[in-house]
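Novice: I'd like to ask you about the structure that follows.
The values are calculated or read from the model by the stated rules, or taken from the named source; none is laboratory data. All of these numbers come straight from a predicted model, not from anything done at the bench. Glycine gets a Cβ as well: all are built from the backbone with ideal geometry, and neighbour counts include every protein chain shown.
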Amino acid sequence: MADNPAASPPSPGEAKVPGARRLRPRDAATLVLVDRSGSEPRVLMGRRRSTQVFLPNKFVFPGGRVDRADRFVMPADNLAADDAGLLLHDMKGTVSATRARALALAAVRETFEETGLVIGLVIGRTAGAPAAGTPPAAWRPFLDTGHAPSLAGLTYFARAITPPSRPRRYDTRFFLADARLVAATAKPADDELGEVGWFTLSEMRALDLPNITRAIVEDLAMHLERPAHERCVPYYCFRHGSFRRDLIVPSRA
């Protein structure tokens, strides 16, 4: 993966690229893993390597762009209905449940590639393969662990779209999951993240974070304290000439 789109939407104060063509945002996803086994929650983050052109040395959550293969791998279980529905809100382009599921699958796949952590259920070597043919190449390392990706424990909790006139644009969905869902650990498939570790909220605030990641950390702090019935999804986007924070609220029957 060339860069981490979860880190890319900047704050209003960051410089724009003069004369840049307005790009259509690409679907992306990231996974925020929370370990609640101690006295206070700890969250998985990693530092981007100094040799990378995009955001060197910044701490980010594991994540990346949605791959075409993410539409064709069958998970062991599915997102909760509320989460699947919320993902359809203001979805750009073709709106579909398959595309919503692909976002969650991308978060699981990217986390595996960058950290080696498997969010899945043991079903066998062919688990998660399409009904016919061989598994997509992008998913073979994950499936070779003997697990199918598991989505039931993921919670959709934030979204951010990179403002226009940026050299890279992503429509990133942030998913939250408990660290107890990690079923296995393998060698990371790439070396994009170094210094991967678990940090408390106060430790995270002291890290060198991209601006949007810093905002998501505060959203995470509120989410962890908010009762489930008060759920809402922060949505960072560019509207009417300004970068703003809206809230996506589940519809109630």
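Novice: Tell me, please, whether a residue that is on the phi < 0 side of the Ramachandran plot and assigned to a strand (DSSP E or B) can be found in the range 210-230.
Specialist: Checked against the condition, which is being on the phi < 0 side of the Ramachandran plot and assigned to a strand (DSSP E or B), the range 210-230 yields no hits at all.
Novice: Could you go through the range 30-38 and let me know if any residue there is of a type outside the set (D, E, K, R), out of contact with any helix residue (DSSP H, G or I) (no Cβ under 8 Å at 6 or more places or on another chain), farther than 20 Å from F157 by Cβ and surrounded by 15 or more Cβ atoms within 10 Å (Cβ to Cβ).
Specialist: No; the residues of the range 30-38 include none that is of a type outside the set (D, E, K, R), out of contact with any helix residue (DSSP H, G or I) (no Cβ under 8 Å at 6 or more places or on another chain), farther than 20 Å from F157 by Cβ and surrounded by 15 or more Cβ atoms within 10 Å (Cβ to Cβ).
Novice: Collect the residues in the range 192-208 that are more than 24 Å from W139 (Cβ to Cβ), in contact with a helix residue (DSSP H, G or I) (Cβ under 7 Å, 6 or more places away or on another chain) and not in a helix (DSSP H, G or I), keeping them in residue-number order.
Specialist: Across the range 192-208, there are no qualifying residues.
Novice: Same structure, new question: Assess whether H147 counts as being crowded, with 17+ Cβ neighbours inside 10 Å and over 16 Å from the mean Cα position of the chain (by Cα).
Specialist: Yes; evaluated as a whole, the condition is true for this residue.
Novice: Quick one: how many residues across the range 57-73 are more than 30 Å from L207 (Cβ to Cβ) and either in a helix (DSSP H, G or I) or out of contact with any helix residue (DSSP H, G or I) (no Cβ under 9 Å at 6 or more places or on another chain) (or both)?
Specialist: Summing the residues that are more than 30 Å from L207 (Cβ to Cβ) and either in a helix (DSSP H, G or I) or out of contact with any helix residue (DSSP H, G or I) (no Cβ under 9 Å at 6 or more places or on another chain) (or both) in the range 57-73 gives 3.
Novice: Can you pull out every residue in the range 86-127 that is free of Cβ contacts under 8 Å to residues at least 24 places away in the same chain and in a helix (DSSP H, G or I)?
Specialist: A97, A100
Novice: Of the numbered conditions (1) over 18 Å from R173 (Cβ atoms); (2) in contact with a helix residue (DSSP H, G or I) (Cβ under 7 Å, 6 or more places away or on another chain); (3) surrounded by 15 or more Cβ atoms within 10 Å (Cβ to Cβ), T213 fails exactly one; give the number of that condition.
Specialist: All conditions pass for T213, except number (1).
Novice: Please pick out the residue among F199, F174 that is crowded, with 20+ Cβ neighbours inside 10 Å and at pLDDT 85 or above.
Specialist: Unique residue meeting the criteria: F174.
Novice: Any idea which of R109, R166, R99 is at pLDDT 90 or above, within 30 Å of G241 (Cβ to Cβ) and surrounded by 16 or more Cβ atoms within 10 Å (Cβ to Cβ)?
Specialist: Just a single option satisfies the conditions, and that option is R99.
Novice: For the list (1) closer than 17 Å to Y156 by Cα; (2) buried (at least 21 other Cβ atoms within 10 Å of the Cβ); (3) modelled with pLDDT under 95, I need the number of the one condition that L44 fails.
Specialist: Going through (1) closer than 17 Å to Y156 by Cα; (2) buried (at least 21 other Cβ atoms within 10 Å of the Cβ); (3) modelled with pLDDT under 95 one by one, L44 breaks only (3).
Novice: Could I ask something else about it? Go through (1) within 28 Å of G116 (Cβ to Cβ); (2) in contact with a Pro (Cβ under 6 Å, 6 or more places away or on another chain); (3) part of a strand (DSSP E or B) one by one and return the number of the condition A189 breaks.
Specialist: With (1) within 28 Å of G116 (Cβ to Cβ); (2) in contact with a Pro (Cβ under 6 Å, 6 or more places away or on another chain); (3) part of a strand (DSSP E or B) applied to A189, the lone miss is (3).
Novice: For the range 232-250, does any single residue satisfy the condition of being assigned to a helix (DSSP H, G or I) and either closer than 18 Å to G46 by Cβ or at pLDDT 95 or above (or both)?
Specialist: There is no residue in the range 232-250 that is assigned to a helix (DSSP H, G or I) and either closer than 18 Å to G46 by Cβ or at pLDDT 95 or above (or both).
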